[in-house]
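Below is one structure, written out as structure tokens, with a few remarks after it.
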Amino acid sequence: MAALYDGDRYLIERYAIAIAPSWKLPPSDPLDFQQSKLLAAGRASFSQTDWTQFPHLSQTTWSDLPYVREELQAIAALVPSEILFEDEFLSHRLDAAVNSNRFAAVHIATHAQFDAFAENTFVLTWNRPLTLDRFAQMLQGNGSRRQNPLELLVLSACETAEGSDRTVLGLAGMGIRSGARSTVGSLWNVNDRSTARLMAQFYRMLRDLSRQETPNKAEALRQAQLDLLHSENFSSPHFWAPFVLVGHWR
């Protein structure tokens, strides 16, 4: 939607865009990083990983994401954050952190794949792939531990919003099942360098808008996309158009 063009301007230059998975959205509290923290997790190296213990992954070549370190560092410089990077990004550590109730938002920068088949849908931590069912269960609090819903889940990776021929249902389904009020992901393979820049700008705008008492996640994403659109190297819609916000726009 962001890349629709009327011959003069792109739609994102006129409107902030959010995709609502249903007519009725659950109530959402404004995300205020003066009162809450962000859990940021990611991995940059994949080429040395032994995937033989996961046969359905062993035939896939996972490229390294060298700008993930820069992405997480930039985010941590903008908003209060706790970081799990590389070998600290273990599935059980992510589980414990998410369910500690210390974080209102979770940002994950790694390879992920959403598919029509559950067994082919996963997020890659350092030690294992997290399947859709396990990841959703973790974000829900394993049935009891998590007291409050996540206000924001960001999956900064390749094709995290893609879901067969129904596009955003992969990501929207994850958001609904996990109880996250808003979810950000990408619809196709994204550039590692431009994504790091977009995400830093996204959190900068989230922080600044919250200080102005005008919280709006959709507007923050719009401003981050416009930053790439008006840049010298990343102005093509290929770099900024795949990012979508699913769920509540506040």
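Some points to look at:
- Based on every Cα atom in the chain, Rg and the maximum pairwise Cα distance Dmax equal 16.9, 52 Å.
- Dipole-positive endmost among Tyr15, Pro26, Gln48 within region 1-108 (Cβ charges, Cα centre): Pro26
- Interchain or long-range residues, amide H under 5 Å from Val154's placed H: Val106, His107, Ile108, Val184
- Counting only DSSP beta bridges with both residues in the chain, the antiparallel share comes to about 35 percent.
- Lys/Arg +1, Asp/Glu -1 at C-beta; the chain dipole; positive extreme among Ala196, Leu139, Phe234: Leu139
- For region 13-109, the ratio of Cα radius of gyration to the globular rule of thumb 2.2 N^0.38 Å stands at 1.35.
- Think of each Lys and Arg Cβ as +1 and each Asp and Glu Cβ as -1; about the Cα centre, that makes the dipole of the chain roughly 700 debye.
- Relative contact order of the chain, defined on C-alpha pairs under 8 angstrom at six or more residues apart (%): 23 percent
- Cβ-Cβ FRET estimate between Lys37 and Asp64, R0 fixed at 25 Å, reported to 0.05: 0.35
- Within the shell defined by Cβ-Cβ distances under 10 Å, the residues around Phe234 carry a net charge of 0, with Lys and Arg each +1 and Asp and Glu each -1.
- Highest mean packing first, where packing is the average number of other Cβ atoms within 10 Å per residue, the peptides 82-94, 122-134 line up as 122-134, 82-94.
- For the chain, the mean residue ellipticity at 222 nm estimated from helices alone is -9000 deg cm²/dmol, where every DSSP H run of n ≥ 4 contributes -39500 (n - 2.57) and the total is divided by all residues, rounded to the nearest 500.
- Label-point gap, in nm, between Arg9 and Ser45 - each point 7 angstrom along Cα→Cβ: 4.6 nm
- Net charge in the neighbourhood of Val68 (other residues with Cβ under 11 Å of its Cβ; Lys, Arg +1, Asp, Glu -1) is -2.
- Cα centroid separation, region 82-112 to region 189-236 (Å): 22 Å
- In this simple spin-label model, placing a label point 7 Å from the Cα along the Cα-to-Cβ direction at both Gln73 and Phe54 gives a separation of 2.7 nm.
- Long-range HN-HN contacts of Phe243 with modeled amide H, under 5 Å: Leu187
Quick note: the coordinates plus some simple rules give every number you see, no bench work behind them. From a predicted model like this one, the values you see are computed outputs, not experimental measurements. So basically every Cβ, Gly included, is an ideal-geometry build from the backbone, and we count neighbours across all protein chains shown.
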